[in-house]
Amino acid sequence: MPQRSLIKTSLIDKIRENIPEAQIRLDEPMSKHSSFRIGGPADVVVTVCNEEELSNILSLLHSEDVRYMLIGNGSDLLFADEGYRGVIVKLGGDFEHIELLEAGDDVIRAGAARMLSSTANFARDNGLAGLEFASGIPGTFGGALFMNAGAYGGEMKDVVVSVTLMKSDGSSVYELSGEEMEFSYRDSVLQHNDDIAIYARVRLQRDDKEAISARMNDLAEKRRTKQPVNFPSAGSTFKRPVGGYAAALIEEAGLKGRTVGGAQVSEKHSGFVINIGGATSKDVRELIDIVAQEVEQNSGIKLEPEVRIIDAE
């Protein structure tokens with residue numbers, strides 16, 4: 001693990017040789033890059049806007065043996081209060097592009113930095129159904145591929161045709177089919193091979209734009225009425241356990257409204273741990289541990305966090 005001072009001097013100079021200065025941030029608070037609005041400063045945050053920049057930064061970080069992490073919108077991440085020792089890489093520019101591959105076609109190609117909600121809106125505007133479930137998920141397309149994001153009965157695995165990836169060392173680009181992505185519940189091959197999704201193709205179905213819009217509006221209303229959308233969170237805090245629902249188990253254990261510091265088990269939906277104001281990563285982690293322990297004592301079922309907890313080192 002490189003010392004922070006080395007990251008700030010020799011490595012920064014090398015990054016600047018490959019990435020425009022405006023795309024580099026030093027000591028950047030990760031609270032700005034996560035939906036929890038929690039997290040101390042990362043040593044470096046670099047935004048890359050095309051394949052060449054991504055390849056160059058990955059090659060550099062790999063050759064220098066520097067700890068790094070690629071993030072999207074940070075909608076399922078909990079960073080440490082101490083921040084992140086290493087380099088955070090974000091995609092932008094070309095990776096936000098979206099297109100209908102052919103006129104009248106039912107296949108969309110989207111970049112990994114494109115917001116999932118925007119992708120769903122693009123599909124709707126082109127009379128394509130199948131991404132309505134994703135319209136309210138506050139993550140990027142790449143993050144959705146990584147997690148096999150899903151809601152209201154739909155998942156990414158239902159629509160993905162193929163994914164274009166870059167090797168983790170930046171050496172090459174290759175493609176996997178939807179089947180080769182090994183999608184399962186909140187999982188994909190991306191969580192096991194360290195490579196990076198940069199684009200994907202999804203196949204949808206022709207439908208009336210107004211009908212698609214109506215379904216999206218219905219799901220948006222369900223979210224507004226049932227989920228604590230007015231508080232920072234990372235969405236569902238726990239994975240759905242076999243044979244039950246996390247929210248029900250948490251409520252049965254008498255944990256709705258339980259608070260540690262600025263973190264609270266939402267009184268609106270107990271499947272969410274929310275930041276009610278000034279929550280630290282320590283608060284959230286402690287509350288997650290309490291919930292898991294007390295649910296297991298009450299029901300015998302062990303809950304696993306869906307939120308990804310990122311240590312400082």
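Within the stretch 70-82, work out how many residues are touching a strand residue (DSSP E or B) at 6+ places or on another chain (Cβ under 8 Å) and modelled with pLDDT of 95 or more.
Result for the stretch 70-82: 6.
Filter the stretch 98-140 down to the residues that are assigned to a helix (DSSP H, G or I) and within 19 Å of the chain's Cα centre (by Cα) and list them by number.
L116, S117, S118, T119, A120, N121, E132, F133, A134
Restricting the search to the stretch 83-124, which residues are touching a strand residue (DSSP E or B) at 6+ places or on another chain (Cβ under 7 Å) and of a type in the set (D, E, K, R)?
R85, K90, D94, E96, E99, D106, R109, R114
Looking at the stretch 269-281, is at least one residue part of a helix (DSSP H, G or I) and either open to solvent by 50 Å² or more (accessible area, probe 1.4 Å) or modelled with pLDDT of 95 or more (or both)?
yes
Yes or no, residue by residue, for (1) polar (S, T, N, Q); (2) touching a residue at least 60 places away in the same chain (Cβ under 8 Å); (3) open to solvent by 60 Å² or more (accessible area, probe 1.4 Å):
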site: V46; (1), (2), (3): no, no, no
site: S59; (1), (2), (3): yes, yes, no
site: E64; (1), (2), (3): no, yes, yes
site: M69; (1), (2), (3): no, yes, no
site: V87; (1), (2), (3): no, yes, no
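Of all residues in the stretch 142-197, which are within 24 Å of L128 (Cβ to Cβ), surrounded by fewer than 21 Cβ atoms within 10 Å (Cβ to Cβ) and touching a residue at least 40 places away in the same chain (Cβ under 8 Å)?
A151, Y152, V161
Run S5 past the list (1) modelled with pLDDT of 95 or more; (2) among the polar types (S, T, N, Q); (3) open to solvent by 60 Å² or more (accessible area, probe 1.4 Å) and report the number of the one that doesn't hold.
Among (1) modelled with pLDDT of 95 or more; (2) among the polar types (S, T, N, Q); (3) open to solvent by 60 Å² or more (accessible area, probe 1.4 Å), the lone unmet condition for S5 is (1).
Which ones in the stretch 293-313 are in contact (Cβ under 8 Å) with a residue 60 or more places away in the chain and open to solvent by 60 Å² or more (accessible area, probe 1.4 Å)?
Listed by number, the residues that qualify are K302, E304, R308, I309, D311, E313.
Taking into account only those residues within the stretch 71-85 that are of a type in the set (D, E) and surrounded by fewer than 23 Cβ atoms within 10 Å (Cβ to Cβ), which is nearest to D13 (Cα to Cα)?
E82
Please find, among E28, E51, the residue that is of a type in the set (D, E, K, R), in contact with a strand residue (DSSP E or B) (Cβ under 8 Å, 6 or more places away or on another chain) and under 14 Å from G170 (Cα atoms).
After ruling out the rest, the residue left standing is E51.
The values are calculated or read from the model by the stated rules, or taken from the named source; none is laboratory data. Computed from a predicted structure; not experimentally measured. Glycine also receives a Cβ, built like all others from the backbone with ideal geometry; neighbour counts cover every protein chain displayed. Side chains included, ligands, DNA and RNA excluded: accessible areas come from the protein's heavy atoms. Shrake-Rupley method; radii C 1.70, N 1.55, O 1.52, S 1.80 Å.
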